[in-house]
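Heads up: the structure comes next, in structure tokens.
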Amino acid sequence: MQQASHSTPPAGTVKRGHIIVIGNEKGGSGKTTTGMHLIIGLLRLGFRVGSMDIDARQRSLTRYIENRKMTIAKEATPLPLPSHIVVNKSPYNIQEETEEDERDRFTRALAKLLVTCDFVVIDSPGNDTYLSRLAHSFADTVITPVNDSFVDLDVLASVDGLTLQVQKPSIYSEMLWEQKLQRARRDGGSIDWIVMRNRLSNLDARNKRQISKVMEELTKRLGFRQAPGFSERVIFRELFLLGLTVLDVLETTKSGSLSMSHLAARQEVRDLLKTLRIPSVDARIAQVRAGQKGDPITDPRIAPKSTPAKAEAAEPSASSSPSVATPEPATSAA
Ligand SMILES: Nc1ncnc2c1ncn2[C@@H]1O[C@H](COP(=O)(O)OP(=O)(O)O)[C@@H](O)[C@H]1O
Ligand SMILES: [Mg+2]
């Protein structure tokens, strides 16, 4: 992508930042947890990352980033930070005005992040809102974390309890289909939908097998790809108040030392990054590995030193040096 900046690319080939929306119309399915790990994983690969919180009621991602800033200040520890924007709901009452106002806030915030960021990760609420639908329609990738139970699979489709046959797509799946059409109409682009099983546990092997079977069926019916998923692990939640993730352990005095579970969790985050199938992400992972400098995802002591690989001429436009250690950028609201 650095090469691209030296010459004028032909019309229509300009690469902009890659937009990832984390969505599932169910609270507690792991959207914010997935978003946090994705953001820090991308930052640690040396990308410039923007984050957007459109779950203005819960604001969990925003709190996580505020916690992270506090840890940076208290511990005087350099940690990578995203540029973060909260998009608030409109104060208007009339639907048309509300939607116009929210569309305006959202598109301005997105444009602002896209000026400087290689990736924008958007955390959405656990219910159907105008802002959420709008965000989905701008996505290059949608990641839907689903808790590993039939209760939660319901967000994708209804399934016959006896035969395990898929009966009909859920409202969320239909909404996503509609946003795919919106996206195609707007700029001819497409949305890559990834469903990620979350909180996997070995305790109920039968349930796990049955869900795998239904997921296979759903993959064909609904047209998503499956990510390997995150296991149920304390490390995925215990560092929230410090604004840290398993990718930061060892860098701060508070976050403890590495266990086997930590290493396995890091591997799960890396597997998620690979599932994105984005050439520049794969190139950075390979680049660090080839240099035998350690893996920024599995070895937290390696600060991302960003000399972008030539292979990264593909999307997204990661021309950046990493945003490590600076107490920027401030959280702002739109
Ligand atoms: N893989 C996991 N292992 C352990 N706890 C998890 C995992 N994923 C999510 N959680 C916990 O589940 C709860 C809901 O997750 P959260 O990311 O806030 O979901 P959402 O944003 O979809 O509402 C939180 O307490 C979070 O820490
Ligand atoms: Mg959330």
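Each residue in region 94-143 was checked for being under 18 Å from residue 40 (Cα atoms) and of a type outside the set (A, V, I, L, M, F, W, C), and 5 of them qualify. For region 218-230, the candidate set comprises residues that are more than 20 Å from residue 167 (Cβ to Cβ) and modelled with pLDDT under 95; within that set, the residue that is farthest from ligand 1 (Cβ to nearest atom) is 228. Within region 150-175, the set of residues being crowded, with 17+ Cβ neighbours inside 10 Å and in contact with a helix residue (DSSP H, G or I) (Cβ under 8 Å, 6 or more places away or on another chain) comprises 153, 155, 156, 157, 159, 166, 169, 173, 175. Residues of region 111-130 that are under 27 Å from residue 155 (Cα atoms) and more than 16 Å from ligand 1 (Cβ to nearest atom): 119, 120, 130. Can you name the residue in region 123-144 that is in a loop (DSSP other than H, G, I, E, B) and within 16 Å of ligand 2 (Cβ to nearest atom) and, of all such residues, is farthest from residue 196 (Cα to Cα)? Among those that are in a loop (DSSP other than H, G, I, E, B) and within 16 Å of ligand 2 (Cβ to nearest atom), it is 129.
Would you mind finding the one in 25, 66, 97 that is over 14 Å from the mean Cα position of the chain (by Cα), buried (at least 17 other Cβ atoms within 10 Å of the Cβ) and of a type outside the set (A, V, I, L, M)? Only one candidate qualifies: 25.
Scanning region 176-222 for residues that are on the phi > 0 side of the Ramachandran plot and surrounded by 14 or more Cβ atoms within 10 Å (Cβ to Cβ) turns up just one, 199. If we scan region 38-45, do we find a residue that is within 13 Å of ligand 1 (Cβ to nearest atom) and not acidic (Asp, Glu)? Yes, there is a match, as at least one residue in region 38-45 is within 13 Å of ligand 1 (Cβ to nearest atom) and not acidic (Asp, Glu). Scanning region 237-262 for residues that are over 21 Å from residue 84 (Cα atoms) and either within 16 Å of ligand 2 (Cβ to nearest atom) or at pLDDT 90 or above (or both) yields one hit, 238. Taken over region 202-239, the criterion of being farther than 27 Å from residue 67 by Cβ and among the hydroxyl-bearing types (Ser, Thr, Tyr) is satisfied by 212, 219.
If you go through region 46-74 and keep only what is away from ligand 1 (no atom under 13 Å from the Cβ) and either within 12 Å of residue 120 (Cα to Cα) or among the hydrophobic types (A, V, I, L, M, F, W, C) (or both), you end up with 47, 48, 49, 50, 51, 52, 56, 65, 70, 72, 73.
From the list 263, 272, the one residue that fits, being in contact (Cβ under 8 Å) with a residue 40 or more places away in the chain, hydrophobic (A, V, I, L, M, F, W, C) and not in a loop (DSSP other than H, G, I, E, B), is 272. Among residues of region 24-43 that are under 22 Å from residue 281 (Cβ atoms), those with a Cβ under 8 angstrom from a residue that is within 10 Å of ligand 2 (Cβ to nearest atom) and part of a helix (DSSP H, G or I), sequence gap 6+ or separate chain, pair up as 32/60; 32/61; 32/64; 35/61; 36/61; 36/64.
The values are calculated or read from the model by the stated rules, or taken from the named source; none is laboratory data. What you see is a predicted model, and the numbers here were worked out from it, not measured in a lab. Using ideal geometry, Cβ is built from the backbone for each residue, glycine included, and neighbour counts are taken over all protein chains shown.
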